[in-house]
Each structure stands twice: as structure tokens, then as C-alpha cells.
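These notes concern the structure reproduced below.
Laboratory data are not the source of any read-out in this text; all were calculated from the coordinates shown. What you are looking at is a predicted structure, and each value in this text was computed from that prediction instead of being measured. Cβ sites come from the backbone with ideal geometry, for glycine too, and all protein chains shown count toward neighbours.
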Amino acid sequence: MYTLKKHSTIALGYFFLIALLGVILRLFPIVNISSNYKFLVHTHSHVALLGWVYTALSTIIYKQYIQNTNVAKKYNRIFWFTQVTIIGMLVTFPFTGYAFFSIVFSTLFLISSYFFAWLIFKYTPVKLKQRNSYKLIRVALWYMIISSLGPWMLGIIMQTSGQESSLYKNAIYFYLHFQYNGWFIIAVLGIFIYILEQHSILFSKKVFNNFFWLLNNGVVATFFISILWMKPPFIINSLAVIGSIFQLIAFGLLLKLLLENKHKLSLVFCPFLGNILKLSGAIFLVKLILQLTVCIPFIADMVSYNVDFVIGYIHWVFLGVVSIPILTFLFHYQLAIKSKVLLAIYIFGFILTEILIFYKGIINWLQLNMINNYYHYLAIASGLLLMSIAGVFFIQFKKKNPTTSISSEY
Ligand code: HEM
């Protein structure tokens, strides 16, 4: 039997696998592992973005927008085809890196994601299309499609300018930027605002238009942050600053709405999930401030030479800004069984790994000596993350909880 709970469990399964791969990557400096590090990073990053985040987001979006229309069959076909492409990447990337079969599976994934976007655009009922949340989801799906121009361009760039060229790097940065700042973050906001709308917590038309405009112009302008490593003319830094400020103002508008509806909001989420969402908001605010800080040429320069700052920032966004709200929404919709202890361990492991990664970045920058056994501590902290994610995944099989049928409303 097909259930959305099954789909969300599959997403959590990918989350578990990428956490496992992440820990294996962090064991490389400590133990002798006879695998290709680069190939494992490719596997980890592809399955993280396309397996965990994509599958979880698309399951929730399906649930919110078209679960009650008669498209379960079409959705299932797209869903399972997508899974074949993800599993294809999972079994080819570790052994071949970027090679014929892994590229075929990645390309097929892109095509199936277009079909998913089409399904949402075509079958979302007119009434839902008028909602502000739908406008966010629609633009998020467009960012997903736009981001895919990056991978399509890679083939051409490889033939013309080569893998070492700036163009090649920028095509990857273009993809990553529109994936996580466009598709992931705007979709998370759209899902959140949908839940608020269900409880009559609404933006006025004028405020929403401002919020939407600031957010989206921010997404486009902050792409310039991704090319600051090339030391472009100062105008590019200025555009990136303007984009970052736009997003901070948009964040302020959302915060204002939430503060004005504090009491109603306490009825939407249980106190525990409410607190987790507040924490996500704080993590998002830190991301927006970091984004603004990195526009300063001296800092941009320092970051572009310091891989730890980049990895720390990327995981701040993926594990914090994106994954924590997604877990919260899965729990909220009972698409996953909630565990307070496991979520607490996850947050502890997340903060600990971030402190350690940024610590190494600072030590390298200041050319100081690192503490002994640094890599052991980082591996242990990452192990905590793995433990909590494994826990969340495996408890899905233990207890019986109400399954959410693919064609019935929660
Ligand atoms: C759960 C615990 C996780 C651990 C322990 C972990 C660990 C790592 C490690 C060690 C690397 C390689 C860094 C390098 O040498 O370049 C890496 C790269 C990466 N990770 Fe994770 N990761 C985790 C979760 C995630 C999640 C949830 C996502 C996204 C949803 C993610 C996305 C990425 C990406 C995109 C890269 C490639 C970065 C690059 O090539 O510059 N990771 N991760």
C-alpha cells in the first residue's frame, strides 16, 4: 500500500545514509579507509540534496497542495521513478564519481523533478493557487528548475573551458545557490506559511507583496556572493549587500506577523515543536547575518581561501536552516514519529560540529596550533548527529502510528 508516511520514511532513510557517509568522511583523517574520498563526497552531497531534502519537501508539498485531487497515480509514478534515479546515484557515485552512469542518473533525476513541478503547477486547485503560500511554493519550484541550468551547462563548459575554469566553478555555485537559497529555503517558508494560513494567521496583501518582493530580489542578488571569490568590481559586493539586507527586512516582516499572532500561534504547534521552530528562526537569522558579513571584501577573501568556513556555513544551512524545519513539519503532519530526546541530541550534535568546524577555520586563519585529537572530537560530534538521525529513522518502523493515505487529508 502506498502511503505518504512511507515516502517520508524513505526520505529519512536517505538522511540516515548521508549522515553515515558524513561520519565516514570525518573518519578519513583518523583511520585508514580504502575508498575514494572525493567519490564519497559526491555521493554524500547528491543524496543529501536530492534524496533527503528533495524527497521530504516534495512529499510535504504534495500533501499540502494536491493530495485531495485525483492524481495519486501520476504522483506515484513520478515518485518511484525519482527514487530509481536517487538509488542509481547512491550506487554509482561511490565507485565511479562523475562518470557515465552517475551522470545519466543525475540527468534523469532533473527530468523527473520537472515532472513533479508540472504536477503541482497543473493540479493545484484554483482556490489554493490564490494563497500566498502557493506563490512561495510556485517560485520555489521555479528556482529548482532554474538551478538545474547549472548542471546542464557543465557538460558544455567541460568541452569548452575545462573543469579547472572559473566558469565551471561558477556553474556549480549557481546550482547550489538556487537549490538552497531559492528552492529549499523558499519552499520551507511556503510550507510554514501554508500551516499558518490554515490557522488564519495571514499577511495583509500589501505586506505579503513587500515580503515576497524583498525575499525574491534577495535570492537573485545574493547569487553575487557566490562569485565574490573572483574579486569582482565593488558594484557586485554592493548588489550582494543589498540582496542580503532585503532578506533581513523580509525576515523582520515575517517575525512581526508571528509576534502579532503569538497566542494563535501557540495553538498551531505543540510547545516542543513551537520551540524548535523558534530555534530554526534564530538559526536562519544567523545565516542571514553571515550572508551580509561575507559581502565585506576582506571577509569574502578570507572565506574563499578557508574551506572550513565554507563547509561550516553549508552545513549550518543544510542541517540547521533546512533540515530542522523539515523534521518539524514531518512531525507536525505525523509523517514521522516525533522524539524529543532524539531531536535534542540532533541539535546538540549540530551545534557541537559547527563550533568545531568554525574553530578549525579560525585556527587556520590565525595560523595557530590546533587542540590535540581535534579530528576525534569532530568525528564523535558527527557521531551524535548520526545517532539521532538513525534513531529518528528506525523508530518509524517500531511503533504503530496512523498511516496517512496518499489520497486522504490529514
Ligand atoms: C548529518 C551529518 C553530516 C555530516 C557528518 C557531514 C559531513 C560532511 C563532510 C565531511 C563533507 C566533506 C567536506 C570536504 O572535505 O569538502 C561534506 C560535504 C558536503 N555535505 Fe555534508 N554532512 C552531513 C550532513 C549533510 C546534509 C544534511 C547536507 C545537505 C542536505 C549535506 C551537504 C553536503 C554538501 C553539499 C557537501 C559538499 C560540499 C562541497 O563539495 O563543497 N551534508 N559533508
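Full extension of the chain between MET230 and ILE371 yields a length gain of 47.5 nm, computed as 0.36 nm times the residue separation minus the alpha carbon distance. So if a site counts as exposed when it's one of the GluC sites (Glu not before Pro), its DSSP state isn't H, G, I, E or B, and it has at most 12 other Cβ atoms within 10 Å, what's the longest stretch of the chain without one? The answer is 165-408.
With contacts taken as Cα pairs under 8 Å at a separation of at least 6 residues, the stretch 110-199 carries a relative contact order of 39 percent. Could you compute the net charge surrounding ILE145? Neighbours are other residues with a C-beta less than 15 Å from the C-beta of ILE145; K and R count +1, D and E count -1. It works out to a net charge of +2. Here the spin labels are modelled as points 7 Å beyond Cα on the Cα-Cβ line, and at ILE311 and LYS73 they lie 4.9 nm apart. Under 21 Å of direct C-alpha separation, and excluding same-chain neighbours fewer than eight residues apart, LYS205 reaches these lysines: LYS127, LYS129, LYS135, LYS256, LYS262, LYS264. Once Lys and Arg get +1 and Asp and Glu get -1 on their Cβ, which of LEU386, PHE121, PHE223 lies farthest toward the positive end of the dipole of the chain? Among LEU386, PHE121, PHE223, the one farthest towards the positive end of the dipole of the chain is PHE121. Charged side chains reduced to their Cβ positions (Lys and Arg at +1, Asp and Glu at -1) give the chain a dipole of some 1360 debye around its Cα centre. When the Cα atoms of the chain are aligned to their principal axes, the ranges along those axes come out at 55, 46, 45 Å in descending order. Candidates TRP142, LEU288, SER35 compared by Cα position along the dipole of the chain: farthest toward the positive end lies TRP142, with charges placed on Cβ.
Using C-alpha pairs under 8 Å with a sequence gap of at least 6, the mean separation divided by the residue count of the chain gives a relative contact order of 22 percent. Each part gets one Cα centre, and for the stretch 359-390 versus the stretch 187-260 those centres are 32 Å apart. Across all Cα pairs in the stretch 103-170, the calculated P(r) in 10 Å bins from zero up to the longest distance comes to 18, 37, 25, 15, 5 percent per bin. Charge tally for PHE115 (other residues, Cβ to Cβ under 9 Å; Lys, Arg +1; Asp, Glu -1): +2. Between SER200 and ASN32, the FRET efficiency estimated from the beta carbon spacing at R0 = 60 angstrom works out to 0.50. Computed from the C-beta positions of TYR123 and ASN209, the FRET efficiency with R₀ = 30 Å rounds to 0.70.
Counted residue by residue at 0.36 nm each, then reduced by the alpha carbon distance between them, the extension gain from LYS278 to LYS256 reaches 6.6 nm. Computed packing ranks the peptides 302-310, 265-273, 283-291 as 283-291, 302-310, 265-273, most packed first, by mean other Cβ atoms within 10 Å.
Using Cβ point charges alone (K and R +1, D and E -1), the dipole size of the stretch 274-410 about the Cα centre works out to roughly 580 debye.
The length gained on full extension between LYS398 and ILE362, counted as 0.36 nm times the residue separation minus their Cα-Cα distance, comes to 8.6 nm.
Dipole size of the stretch 49-149 about its Cα centre, with +1 on Lys/Arg Cβ and -1 on Asp/Glu Cβ: approximately 580 debye, rounded to the nearest 20. Positive-end ranking of ASN261, ILE276, ALA56 along the dipole of the chain, with charges on Cβ about the Cα centre, is headed by ASN261. Across the stretch 224-281 the C-alpha pair distances fall into 5 Å bins from zero in the proportions 4, 16, 17, 15, 10, 10, 10, 9, 6, 3 percent.
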